[in-house]
């Protein structure tokens, strides 16, 4: 049991370290953009910051998931399939709920930086996933449901509900 939990925490710590490295790369892009000299290590990311933002999101919320999953495994250790499945679902809901809570402000500041209103009902409903050599645009689930502009505020409540359900399932439901 202890080894299993330590493995989850160890991987989450590695992901957290990778997140910090990506943050340094993003800061480097900020400082390098507009410089008269070439920065070959950052050129790909200066041209398209999503090649840093996509992996940053995955490692950050992967770490949140693993830290919470490790907590659940430590507080209710079992080897039965259904309870482990519930713990996995709980970790997923907590991590995604945490992300959903931030989405209103996250998009708002992107809008402002793009010279748009903080709450823009005409904002791009797609998100760019860019990692390695993969670069695709996809429609975010909240946009499928029409949560754009002022309606995106509801993502904060939706995220809180996801976290509450995830915590209930993981910590209370036995």
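Points to keep in mind about this one:
- Once the Cα atoms are used to define both axes, helix 50-75 deviates from the longest principal axis of the chain by about 10 degrees.
- The angle separating the long axis of helix 154-167 from the principal Cα axis of greatest extent in the chain is about 30 degrees.
- Computed over the chain: relative contact order in percent, which uses C-alpha pairs under 8 Å that are six or more apart: 25
- As a rough footprinting exposure proxy, the listed residues 143, 128 were ranked by other beta carbons within 10 Å of their own, and the order from fewest upward is 128, 143.
- Calculated log₁₀ intensity ratio I(q)/I(0) where the Debye formula runs over C-alpha points of the range 87-174, q = 0.11, 0.22, 0.25 Å⁻¹: -0.37, -1.04, -1.15
- Among 135, 124, the order by Cβ neighbours within 10 angstrom, fewest to most, reads 135, 124.
- Note: the range 1-144, Cα convex hull, 135 Å³ per residue.
- Extension gain for the segment residue 112 to residue 17, taken as residue separation times 0.36 nm less the Cα-Cα distance, is 31.3 nm to one decimal.
- Between helix 2-32 and the chain: long-axis angle, C-alpha atoms, 0 to 90°, nearest 10: 10
- Directionally averaged shadow of the range 46-115, computed from the convex hull of its alpha-carbon atoms, nm²: 5.7
- Entry note, the chain: the mean residue ellipticity at 222 nm calculated from DSSP H runs of n ≥ 4, each adding -39500 (n - 2.57), is -22000 deg cm²/dmol after division by the residues and rounding to the nearest 500.
The numbers here are math on the coordinates, done by the rules we state, and not lab data. Remember, it's a predicted structure, so these values are computed and weren't measured experimentally. Backbone-built Cβ (ideal geometry, glycine too); neighbour counts: all protein chains shown.
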